[in-house]
Amino acid sequence: MGIVVTERTEEGEDTVLDVSIDLRHNDGVDMSLSGNPTVMAVDDLQVFSLFRRRRLSTTEADGNPLIYALKDLKGYAIDEAGKGLMWETAGEIFRAWTCPWKPTRIAAIPSRHSVSVDLASRIAAFLEVEHVPVPLVHKRTVAEVLEEAEPLKDSSAVPESDLKAFKSQLGRLSTAPPGKTFQMKEIDVRVRQYFHPWRVSEEAKDFIGHDLLLVDDLIGSGASLSTCAKCLVENGHSVVGGMSLFSPLDRELAKKPKGARRKRRRGRKP
């Protein structure tokens with residue numbers, strides 16, 4: 001089960017890219033039971049993804065049209081029937097999978113769009129635990145991220161192999177408005193681990209003592225989830241793992257680690 005993208009022209013000559021689910025192939029996004037979920041390790045965080053992103057055989061696209069359509073971005077669209085079929089398929093994959101953790105709360109990574117929250121609430125229902133209704137972290141500004149990252153260029157924290165790319169990224173980031181919300185997707189994938197986009201929210205303290213499963217809509221390098229987990233652990237929370245709707249592209253997926261279980265990440269209570 002994959003996707004098909006079809007162009008249509010609306011009144012006023014606006015072009016809409018309709019995304020539909022196709023049962024006959026796994027192009028663009030592999031939604032098959034046999035191929036999912038996939039798993040990758042980011043630092044010591046284990047992350048499972050329900051759908052495997054693949055390149056469309058007809059284009060150079062990187063498998064993003066479905067997530068663009070779900071977020072109503074870049075001219076892509078999907079109808080309610082298509083969304084319903086996608087969520088039904090995600091549920092089938094989840095129910096056929098054995099969850100390696102026993103989280104007591106499910107928390108979505110903050111986003112302007114509802115996809116991660118929708119996924120988190122569905123996972124909470126499947127696991128019969130509560131969904132965290134408030135953001136546990138907030139995104140930092142560019143100025144806040146730069147303040148923490150700048151000193152790293154003169155330390156041993158960034159290895160020589162990454163230093164050139166890291167300094168180049170610092171230069172590009174320094175030209176952005178200081179008050180702009182930091183976006184990890186704008187950072188070179190090779191050096192994302194050196195930038196920390198989150199600060200813990202005031203509401204997060206109410207969830208210390210719970211075992212958290214973090215949820216994002218799409219995984220690229222996994223840096224957003226892993227840095228969010230690190231931020232929470234440093235503030236006394238326990239993070240058991242991560243989940244996403246869409247995996248990295250096939251070529252970026254790490255080999256599945258041996259065994260399904262990993263040691264829980266637990267922070268010290270402040």
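The values are calculated or read from the model by the stated rules, or taken from the named source; none is laboratory data. Only a predicted model underlies this, so the values are computations on that prediction, with no experimental measurement involved. Neighbour counts run over all protein chains shown; Cβ positions are idealised from the backbone, glycine included.
Please verify whether Ser121 is polar (S, T, N, Q), farther than 30 Å from Ala176 by Cα and in contact with a strand residue (DSSP E or B) (Cβ under 6 Å, 6 or more places away or on another chain), treating the condition exactly as stated. Talk me through it step by step, then tell me what you get.
Details: polar (S, T, N, Q): yes; farther than 30 Å from Ala176 by Cα: yes; in contact with a strand residue (DSSP E or B) (Cβ under 6 Å, 6 or more places away or on another chain): yes.
So Ser121 fits the description; yes.
Can you find a residue in the stretch 86-100 that is farther than 25 Å from Asp22 by Cα and surrounded by 15 or more Cβ atoms within 10 Å (Cβ to Cβ)? Spell out the reasoning first.
The first filter runs over the stretch 86-100 and keeps only residues farther than 25 Å from Asp22 by Cα, leaving 98-100.
Still in the running and surrounded by 15 or more Cβ atoms within 10 Å (Cβ to Cβ): 99.
Checked the stretch 86-100: at least one residue is farther than 25 Å from Asp22 by Cα and surrounded by 15 or more Cβ atoms within 10 Å (Cβ to Cβ).
Tally the residues that are touching a strand residue (DSSP E or B) at 6+ places or on another chain (Cβ under 6 Å) and assigned to a loop (DSSP other than H, G, I, E, B), restricting the search to the stretch 164-181. Walk me through it before giving the result.
Filtering the stretch 164-181 down to residues touching a strand residue (DSSP E or B) at 6+ places or on another chain (Cβ under 6 Å) leaves 179, 181.
Now narrow it down to the ones that are assigned to a loop (DSSP other than H, G, I, E, B): 179.
Here the count works out to 1.
Which members of the stretch 194-219 meet the condition of being assigned to a loop (DSSP other than H, G, I, E, B) and out of contact with any strand residue (DSSP E or B) (no Cβ under 6 Å at 6 or more places or on another chain)? Show your work before the answer.
Step one: list which residues in the stretch 194-219 are assigned to a loop (DSSP other than H, G, I, E, B), which gives 195-197, 201, 208-210, 219.
Correct list: Phe195, His196, Ile208, Gly209.
Output the residues belonging to the stretch 11-31 that are under 21 Å from Lys83 (Cα atoms) and either touching a Leu at 6+ places or on another chain (Cβ under 6 Å) or exposed (fewer than 15 other Cβ atoms within 10 Å of the Cβ) (or both).
Hits for the stretch 11-31 are Thr15, Val16, Val19, Ile21, Asp22, Leu23, Arg24, His25, Asp27, Gly28, Val29.
Failed condition for Ala260, given (1) at pLDDT below 90; (2) aliphatic (A, V, I, L, M); (3) crowded, with 22+ Cβ neighbours inside 10 Å, with all others met?
In the conditions (1) at pLDDT below 90; (2) aliphatic (A, V, I, L, M); (3) crowded, with 22+ Cβ neighbours inside 10 Å, Ala260 misses (3) alone.
List the helices (runs of 4 or more DSSP H) that sit entirely inside the stretch 42-138 and contain at least 3 residues that are closer than 24 Å to Asp206 by Cβ. Steps first, please.
Working: elements: 65-70, 80-96, 115-127.
Of the helices (runs of 4 or more DSSP H) lying wholly inside the stretch 42-138, those with at least 3 residues that are closer than 24 Å to Asp206 by Cβ span 115-127.
Could you grab me the full set of residues in the stretch 139-163 that are surrounded by fewer than 16 Cβ atoms within 10 Å (Cβ to Cβ) and in a loop (DSSP other than H, G, I, E, B)?
Ser155, Ser156, Ala157, Pro159
May I ask you to verify whether Gly267 is surrounded by fewer than 21 Cβ atoms within 10 Å (Cβ to Cβ) and modelled with pLDDT of 95 or more?
On the way: surrounded by fewer than 21 Cβ atoms within 10 Å (Cβ to Cβ): yes; modelled with pLDDT of 95 or more: no.
So Gly267 does not fit the description; no.
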